[in-house]
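What follows is calculated from the coordinates using simple rules that are stated; it is not laboratory data. In this text the structure is predicted, and so the values were computed from the model without any measurement. All Cβ positions, glycine included, derive from the backbone under ideal geometry; neighbour counts span all protein chains shown.
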Amino acid sequence: MDWYPLWNSLRIAAISSVIVFFCGIAAAYYVAKLPAVIKGILDVVFTLPMVLPPTVCGYFLLILLGPKRPLGILLGKIGLQFAMTWYGGIVAAVVVAFPLMYRTARGAFEGFDNDLAWAAQTLGLSNTYIFWRIRMPLCRQGILAGVVLSFARALGEYGATSMLTGYIPARTATISTTVYQLWRTNNEQQAFFWVMINLAISTVILLAVNMLERGKR
Amino acid sequence: MSLSVHIRKRYGDFLLAIDLEHTGGICGVLGASGCGKTLTLKCIAGIEKPDEGKIILNGRTLFDSDQKINLKPQERHVGYMFQNYALFPHMTAEQNIICGMKGIPERLEETLSLMNIQECRNLYPRQLSGGQQQRTAMARILVRDPEILLLDEPFSALDSYLREIMQTQIHKILQDYGKDAVIVSHSRDEIYYLCDRAAVMHKGCILKYGMTEQVFKNPESAEAALLTGCKNIASAKKTGEKTVFVPDWGISFETGVPVKDDLEAVGIRAHYFDPGSGRNLFPVRIVEQREEPFENRILFRYEEQKEGTPDLWWRVPKNQTPAVRPVKIGVSPENILLLYKA
């Protein structure tokens, strides 16, 4: 039994969730402060990966990072090759999951009562303190929802990942690409096994989040 | 002990143009909602940036557009109490008070007992009563020893019973604390009770600033008169050195002080009518008498009053209400407010 797809999927989902957490929150925080026109444009750009088919995202990623493209060549020189590598899966997952984090975080920030931030400023609290100790805890639910959605999305990512990293057993295989490969090669039993694994992980995540929320209340 | 504010700020059609030299003590800013009073406080606190101007607190420049000085709110040392108190909901009362301060502040216990919130120090804001929330917000400000207190509609979130109790407490705190304060309110009672000096604000401008009693006694403009609670205002013309004619009411009044040429209107406070007065006594027709717990509110019209003009208000304590409806009501000349262009 080869457990590589499980391990690979989990590390891709975990690492990309962390990246998306910071990028999504930063984008949400700064975009909210911009003038309306720029805000509207950035909003579209940041949300596009959510509505585009993942294969289209994969196409753009290949154009950008493919080994024969300028950026791909440049990155190749410092030893980074995103096409056909496991960490290419992180890039694909980040791009696809980012809009979920960005939008949920922005919704949470917009619901935040700015009087609290202003009050904190007049009390002499630093903007860093206000962000991490007041704004974030009070937007916790929205942020947490964004993280969970991003993680689940990254875990289930197929289209962009298969375009960018393909399916190489024990190298780039993830649960979702493995399921497809097994089904395609008439290995239905094995495919069912991986489907159940995926189902189990997703269920555990959602249960954990529910318990976390209840515990805090 | 002084606050000097000279600022301009445009918001679409609305222009905030404040020129205020507060010489110290407690200053009340009286104005209707939307007149820019909260915006003014926010500019002083550094939450909003004026387009241009200067703000100087006790000789320290907080904002100066010419010199490009704009201190951060954190550097201004002002205590700002928000209308809804803005307590951090995920912190207890005590955490709210000491949050972000290095160690336990020396004055914590003293402040807690001064505010009478020792018992609820470990409760979260949602578990506190309105009065406790306000006292916690006040403690959070005082423990940092700000140079000036800015209170935005401090009592509007309280019910009327609690409001009177808290007014007394805040009054005492302000007296004991001995620092300058600016209190913004739409309630003339609050301003009159709490403030040594008052500014009347209308559509982004300060119409009048002075000793509170003086401002109420002589509001000088129809807008200010209205805000200080004058119910009966009508346009008027000067007819003699101490006489004015009010066309709407069809009456000429004798005034207490000489009238200036550019008189616009006169005002008469509802409490100042007196059927027993021998001066400015004119025939009236009582329209309605409304009973309140301790006062009667009587609506009446002068005999010659124009159709379509509002009834006049007369408020009189129950025990002084005449048994027979009066046919003539007078008002002493010094109680005729002379109102000029703002």
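Kirkwood-based Rg over Rh for chain A (C-alpha set), two decimals?
On the Cα set of chain A, Rg over Rh gives 1.04.
With both partners inside the protein assembly as shown, how many of the DSSP beta bridges are antiparallel, as a percent to the nearest 5?
75 percent
For B:N319 and B:T23 in one chain, what is 0.36 nm times their gap in residues minus the Cα-Cα distance, to one decimal in nm?
Length gained between B:N319 and B:T23: 102.4 nm.
Add +1 for every Lys or Arg and -1 for every Asp or Glu among the other residues with Cβ under 15 Å from the Cβ of A:I90, and state the total.
For residues surrounding A:I90, the net value is +2.
Cut-off under 15 Å on the C-alpha distance; same-chain residues fewer than 8 positions from B:K203 excluded. Which aspartates and glutamates are left, in chain and number order?
Result set, ordered by chain and number: B:D13, B:D19, B:E223.
Calculated FRET efficiency, B:E304 and B:K242, Cβ-Cβ r, R0 30 Å, to nearest 0.05?
Working from the Cβ atoms, E equals 0.90.
If you place +1 on the Cβ of every Lys and Arg, -1 on the Cβ of every Asp and Glu, and leave all else neutral, what size is the dipole of chain A about its Cα centre, to the nearest 20 Debye?
For chain A, the charge dipole is close to 320 debye.
Which semi-axes, in whole Å and largest first, does the equivalent ellipsoid of chain B have when worked out from the alpha carbon gyration tensor as the square roots of 5 times its eigenvalues?
Sorted largest first and rounded, they come to 44, 25, 15 Å.
Sequence gap at least 6, Cα distance under 8 Å: using those rules, report the relative contact order of the range A:20-147 to the nearest whole percent.
Value for the range A:20-147: 32 percent.
In square nanometres and to one decimal, what's the mean projected area of the convex hull around the Cα atoms of the protein assembly as shown?
If you wrap the Cα atoms of the protein assembly as shown in a convex hull and average its projections, you get 37.3 nm².
Determine the shape class of the range B:1-134: with a ≥ b ≥ c the square roots of the Cα gyration tensor eigenvalues, call it rounded for a/c under 1.5, and otherwise prolate if a/b is greater than b/c, oblate otherwise.
Judged from the Cα gyration tensor, the range B:1-134 comes out prolate (a/c at least 1.5, a/b above b/c).
Taking trypsin sites (Lys or Arg not before Pro) as candidate sites, keep only those in a DSSP loop with at most 15 other Cβ atoms within 10 Å, then name the longest stretch of chain B containing none of them.
Longest gap between qualifying sites, sites excluded: B:108-241.
Which loop GluC sites (Glu not before Pro) in the range B:175-266, with loop taken from DSSP, have no more than 13 other Cβ atoms within 10 angstrom of their Cβ?
Passing both the DSSP loop test and the Cβ count: B:E241.
Nearest 0.05, what FRET efficiency do B:R297 and A:E213 give at R0 = 56 Å with Cβ-Cβ as r?
Efficiency, rounded to the nearest 0.05: 0.55.
Greater than 19 Å separation of Cα atoms is the criterion. Which listed pairs, B:K9/B:K49; A:K33/B:K49; B:K37/B:K231; B:K217/B:K306; B:K238/B:K260; A:K33/B:K72, meet it?
Correct reply: B:K37/B:K231; B:K217/B:K306.
Is the range B:129-202 rounded, prolate or oblate when judged by the Cα gyration tensor, a ≥ b ≥ c being the square roots of its eigenvalues, rounded requiring a/c under 1.5 and prolate requiring a/b larger than b/c?
Oblate, since a/c reaches 1.5 and b/c is not below a/b.
Hey, got the dipole for the range B:230-340? About the Cα centre, +1 on K and R Cβ, -1 on D and E Cβ, debye to the nearest 20?
220 debye
So what's the net charge close to B:D66: Lys and Arg +1, Asp and Glu -1, counting the other residues with Cβ under 9 Å from its Cβ?
0
From a point 7 Å beyond the Cα of A:W3 in the direction of its Cβ, which residues of the range A:177-205 have a backbone N at a distance under 17 Å?
Answer for this model: A:193-202.
Enumerate by residue number the trypsin sites (Lys or Arg not before Pro) in the range A:122-195 meeting two conditions: DSSP loop (anything except H, G, I, E, B), and at most 13 other Cβ atoms within 10 Å of the site's Cβ.
Of the trypsin sites (Lys or Arg not before Pro), the ones in loops of the range A:122-195 whose Cβ has at most 13 other Cβ atoms within 10 Å are A:R171.
Please give, to one decimal in nm, the separation of the simple spin-label points placed at A:D113 and B:T61, each 7 Å out from Cα toward the Cβ.
3.7 nm
Under unit Cβ charges (Lys, Arg +1; Asp, Glu -1), what dipole magnitude, rounded to 20 debye, does the protein assembly as shown have relative to its Cα centre?
Once rounded to the nearest 20, the dipole reads 1680 debye.
Suppose R0 equals 35 Å; then what is the FRET efficiency for A:R69 and B:N70 from their Cβ-Cβ distance, rounded to the nearest 0.05?
Working from the Cβ atoms, E equals 0.15.
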